[in-house]
Amino acid sequence: MNANLSRIVIKMIWVQLRQSFRALGREPGFTAFAILTLALGIGASTAMFSVFHAVLLAPVPFADPQRVVAINTRWTDTGRVTIRVSGGDYIDLVQAHDIFDAVGRFHGGEVGVQLRDRAEWADSYWVSPDFFRVFEAAPLAGRMFTAAEAERSVVVSPSFARRALSGVDKAIGQIVHIDTHPYEVVGVMPEGFAFPAKAEIWAASPQMPDNRNRTAFNYQAVARLIAGVTPAQATTRLETLGVQLAKAYPAENKAKLFAAIPVRDNVVRKVRSTVVLLMAAVLLVLLISCANVAHLLLARAATRTREFAVRAALGAGGARIVAQMLMESLALGLAGGIAGIAAAYGGVRAVQWLAPENLPRMGDVRVDWTVLAFGIAVSVLSSVLFGLAPASQALRNDVQDGLRASSGRGVVGGRSARLRNTLVACEIALSFALAVGAGLLVRSFVELNAAPLGFRTENILVTYAHSPANTMPKMLASTRFFEQALGEIEHLPGVKSASAAMGLPAGRYGSNGYYGIDGLNVQREAGFRLASPRYFDTMGIPLLRGRDFTVADQYDQPFVAIVSDSLAKKSFPNQDPIGHKIICGLDSDKWMTIVGVVGEVRSDGPGQAPGPELYMPFQQHPIMANELQIAVRTTSAPEAMTNAVERKIRSLNPEIALKTTTLSAMISDSIATPRFRTFLVAVFAGVALLLAMAGVYGVMAYLVTQRTAELGLRMALGSAPSRVVALVLARAGTLAATGLAGGIALAAAGSHLIESMLFGVQATDAFGYAIAACAIALITIAAAAIPAWRAARIDPAVALRQD
Amino acid sequence: MIQVRGLTKTISTGTHRVEILRGIDLDIPKGQVAAILGPSGSGKTTLLGLLAGLDSPTSGSILLDGEEIAGLPEDRMAELRGRKIGFVFQSYHLIPTLTAEENVLLPYELTGGGPDGASRARELLASVGLAERGEHYPVQLSGGEQQRVALARAFITRPPILFADEPTGNLDSENGSRILDLLFDMNRRGGSTLVLVTHDQELALRADRRITLRDGRVVADEP
């Protein structure tokens, strides 16, 4: 019996779906528009969900991923958080055996690696022996290194093994050199293991860090929690430890606490707000799509009043009519969903192409089963969402009135019209909010590009150069090599000046920490940079006082330093800093004499305010100076000089790893994330505005059709066509005004979402709102123009005969 | 059997009330063919709507086969219409997106009919001379053909009561006459009660009984 009933129900659903598809097929224009609208909304949201899912939701590919945490340092006085820990603190943290199964440490980045026949840059990390225990990772080939193999062994990624070591099988036992130091390859990690992101070499480092001070945050720590311990519980335990350390080391650990953050959250922390914003924006587009289709269906339902009345007269109850309407919506939703999901495949590729290189986990973005399930769920939910309004409308029809109604004409005014107007007003409100967001982001991006950087970016070639060195004589030799290289590069045709730095603005490397000044028992923080003579001149950083570094500022000469204007003003108020002594913990405990003051520089890219900087001559800090960025100012397009500069450097030292770009490209890369989100939000806002425009057009066109007789009568009674046009435009204007009122409230309520992403513009910027309002006004006029024009051309005689 | 007692229908226009039916009492026995006549505005279509449960009365009682329908909730009423009532409308009222056969089948599906619906629909279409037109859409059929499809639809659920509102009103005399022949023939074979509203005296003469309304009251009731 039950099986029979199920069969009958399935048959009824199938028959209804078939009829719905056929009915849609008989209205190709309506159907195509509705499917296209839905495909836009569903496709965009599915594509964006694939990013949202891969970046923020998908578990990291480790065993028991919820137990893998990163340990961060947080200052209670400033609220600042760093993903790093100091060596001294790390030694205490690993003792928390009551919460950690294993604790590991790593540091590193892209470094020059010497292979048999060449040198190249590779993402290399020095990791403690327990690092892999944290992830419970096993090698694909070979073995993991042991605590006894510190500074002797490495494990490599399969891609590195294939590229540099003739393959996974042949990699084991080979030697790679980093800073002239030989490391034996003892293992190859499996394909999916990529922590830290893009890592290719994991070199064994000692169980405990070399640098044990508590003010240099050189390491990142990861840990595996004991089963049953949550990150929150671990954080509570670490905070207790932090308080104890603050008491034991008040000078260094005052106001310093630690937190255990799920490793996934730590990896994506910088992009979380961007991805959430994009998902929210795309969901607004989806909502607008649904509203658009809903009011199209409402208009269609209004012309089907008689059909519903006939069905009711023949025995269809309310549930049956609602089911029929929802089934029709479902047919539309499924068609839109199929088109949308197909579009999402292209959308994912587009997003991956557009995404900045540093957006984590983008390699994992794909349309998988979870994303497909999302797409299908969105299609079905959308169907219900846009199908409810017409279904409820159909339910309210009076059977007798419906039977008396003419077949092709709906009812002017009434609940259906109010509902349609409300939907379009909502579309306008949502698209206005998106337009405001997009406008603010665009303005912010323009401001970002216009921000004074403190240096000139044009015609500067940047070559990252890693000169292998692991002893002081070799490091000193490296500094001499760089001096020689700079001299010879400067003589190349097309070169105006050549210089080098560690910590080029918007570059990958840099250092920061506390500095002290003579006569003051105060520690302040600054960026630490190494620079060659003529660096400031090459970069266009103004020398405000004193002198530049010279070739005479060598390792065996008195140590000198140049400070930025803000450091000078902060640490030497109303004084001339020249001649004062300064010290920092970069690599030496020697006091340095300040010999110059230079202008402010946005070292971390245009989005970050300039901060205090301490520049030191690279020759006096050889430990940090074997990896420099050579900045070459050229007379023409800098890219053209790439080969000449690289050839010159390699002719002096073939073991050097080189990588070349331009300063403009580096600055551009540093704002890749804002550019990415601005572009996508602007695209979504554009789509939203187009959909809203279609919505306004639909309502106005329907209105004119329904009121043809009335408009004809008005014209017969002497109304000029211009008055009819004004009537239609005024109606559209009312809709737009209603939508704008809602949109302003919505935009204001959502402003906190983008507040932190704005640069040089307020989230409540009136100009941004005004521009968005103008956009809405324009699309409203454009959308209403055709129906208004059509209304003005109504022939009164023909119109009156239609009634 | 249809029993009507003290039936009134009043509508309010906001400023004043209009009494459309002013106390109708009627008994229409099972199997009878009754024609309701009257000038425009006499209330005959309103009476038909009330008898068919398409509208609710202001006061009074309507019993269909002993079941009170006045005041029934709409879903219950729809279920009762599907089970007991067949309709033939003046304007045919076919669903434009369904084929002729699907239109005929519609009441059957709405009342949860069994698996023999399609064959019965084809049978009925054949009986009205449209065996070859089952896959055609309403727009592809003439007015007479559409009304024949509507007739087939009215009989698919074998309703005990059939209501017809000006069934030939939109047809020329030749098609009208053919429709009437079919209507009476199918009704006789089905043994249902038939209530039809018409202006057409000739048609009324073919009925077992003629009920004349004027100003919302029964002014004549003759066999």
Restricting to the range B:138-186, count the residues that are more than 18 Å from B:ARG81 (Cβ to Cβ) and in a helix (DSSP H, G or I). 24
Can you tell me which residue in the range B:71-93 is nearest to A:ARG22 (Cα to Cα), limited to those that are of a type in the set (A, V, I, L, M) and either out of contact with any helix residue (DSSP H, G or I) (no Cβ under 8 Å at 6 or more places or on another chain) or at the interface with another protein chain (Cβ under 8 Å from one of its Cβ atoms) (or both)? B:ALA78
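Out of B:GLY143, B:GLY169, report the one residue that is within 14 Å of another protein chain (Cβ to nearest Cβ), surrounded by fewer than 20 Cβ atoms within 10 Å (Cβ to Cβ) and touching a His at 6+ places or on another chain (Cβ under 8 Å).
Sole residue among the options that is within 14 Å of another protein chain (Cβ to nearest Cβ), surrounded by fewer than 20 Cβ atoms within 10 Å (Cβ to Cβ) and touching a His at 6+ places or on another chain (Cβ under 8 Å): B:GLY169.
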Among the residues in the range A:682-692, are any surrounded by fewer than 20 Cβ atoms within 10 Å (Cβ to Cβ) and more than 23 Å from A:PHE33 (Cα to Cα)? no
Of the residues A:ALA773, A:ALA749, A:ALA716, which is more than 27 Å from A:PRO674 (Cα to Cα) and out of contact with any strand residue (DSSP E or B) (no Cβ under 9 Å at 6 or more places or on another chain)? A:ALA716
Here, strands (runs of 3 or more DSSP E) confined to the range A:485-574 with at least 3 residues that are closer than 29 Å to A:ILE656 by Cα are A:495-502, A:511-517, A:520-531, A:560-564
Taking the range A:514-555, which residues are surrounded by fewer than 19 Cβ atoms within 10 Å (Cβ to Cβ), among the small types (Gly, Ala, Ser) and in contact with a Gly (Cβ under 8 Å, 6 or more places away or on another chain)? A:GLY546
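Answer with yes or no whether A:VAL595 is part of a helix (DSSP H, G or I), modelled with pLDDT of 95 or more and out of contact with any Cys (no Cβ under 6 Å at 6 or more places or on another chain).
No: the conditions fail for A:VAL595.
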Whichever residue in the range B:44-70 is more than 9 Å from every other protein chain (Cβ to nearest Cβ) and in contact with a Phe, Trp or Tyr (Cβ under 8 Å, 6 or more places away or on another chain) and, among such residues, is surrounded by the fewest Cβ atoms within 10 Å (Cβ to Cβ): B:LEU48
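Looking only at helices (runs of 4 or more DSSP H) that fall completely inside the range A:308-408, which ones have 1 or more residues that are within 16 Å of A:VAL55 (Cα to Cα), of a type outside the set (A, V, I, L, M, F, W, C) and free of Cβ contacts under 8 Å to residues at least 40 places away in the same chain?
The qualifying helices (runs of 4 or more DSSP H) are A:318-354.
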Please work out which one of (1) at pLDDT 90 or above; (2) surrounded by 18 or more Cβ atoms within 10 Å (Cβ to Cβ) is the condition A:ALA301 fails and give its number. (1)
Could you check the range B:108-133 and list, in sequence order, the residues that are under 16 Å from B:GLN147 (Cα atoms) and either within 14 Å of another protein chain (Cβ to nearest Cβ) or surrounded by 20 or more Cβ atoms within 10 Å (Cβ to Cβ) (or both)? B:ALA121, B:LEU124, B:LEU125, B:VAL128, B:LEU130
For the range B:187-223, name all the residues that are in a helix (DSSP H, G or I), farther than 16 Å from B:SER127 by Cα and either within 16 Å of the chain's Cα centre (by Cα) or in contact (Cβ under 8 Å) with a residue 24 or more places away in the chain (or both). B:GLN201, B:LEU203, B:ALA204
Condition check for B:THR58: out of contact with any Cys (no Cβ under 8 Å at 6 or more places or on another chain), modelled with pLDDT of 90 or more and among the hydroxyl-bearing types (Ser, Thr, Tyr): yes
Does A:GLU110 satisfy being among the charged types (D, E, K, R), surrounded by 16 or more Cβ atoms within 10 Å (Cβ to Cβ) and over 30 Å from A:GLN629 (Cα atoms)? no
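Output the number of residues of the range B:1-21 satisfying the condition of being more than 16 Å from B:VAL195 (Cβ to Cβ) and either surrounded by 15 or more Cβ atoms within 10 Å (Cβ to Cβ) or in contact (Cβ under 8 Å) with a residue 24 or more places away in the chain (or both).
Residues flagged as more than 16 Å from B:VAL195 (Cβ to Cβ) and either surrounded by 15 or more Cβ atoms within 10 Å (Cβ to Cβ) or in contact (Cβ under 8 Å) with a residue 24 or more places away in the chain (or both) within the range B:1-21 amount to 7.
Given the criterion in contact with a Lys or Arg (Cβ under 6 Å, 6 or more places away or on another chain) and touching a residue at least 12 places away in the same chain (Cβ under 8 Å), identify the matching residue among A:VAL699, A:VAL645, A:VAL681, A:VAL632. Can you show your working first?
Values: A:VAL645 fails: in contact with a Lys or Arg (Cβ under 6 Å, 6 or more places away or on another chain); A:VAL681 fails: in contact with a Lys or Arg (Cβ under 6 Å, 6 or more places away or on another chain); A:VAL632 fails: in contact with a Lys or Arg (Cβ under 6 Å, 6 or more places away or on another chain).
Only one candidate qualifies: A:VAL699.
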Could you check, for the range A:158-166, whether at least one of its residues is among the hydroxyl-bearing types (Ser, Thr, Tyr), crowded, with 19+ Cβ neighbours inside 10 Å and at pLDDT 90 or above? no
Consider A:THR31 carefully, then state whether it is touching a residue at least 60 places away in the same chain (Cβ under 8 Å), of a type in the set (S, T, N, Q) and more than 14 Å from chain B (Cβ to nearest Cβ). no
Here are some residues: A:LEU278, A:LEU286, A:LEU241, A:LEU296. Which one is surrounded by fewer than 21 Cβ atoms within 10 Å (Cβ to Cβ) and more than 14 Å from chain B (Cβ to nearest Cβ)? A:LEU241
Taking A:SER478 as the residue in question, decide whether it is in a helix (DSSP H, G or I) and over 30 Å from A:MET693 (Cβ atoms). yes
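The values are calculated or read from the model by the stated rules, or taken from the named source; none is laboratory data. Keep in mind the model is a prediction, meaning the values are calculated, not measured. When we count neighbours, we look across all protein chains shown, and the Cβ atoms used for this are built from the backbone with ideal geometry, even at glycine.
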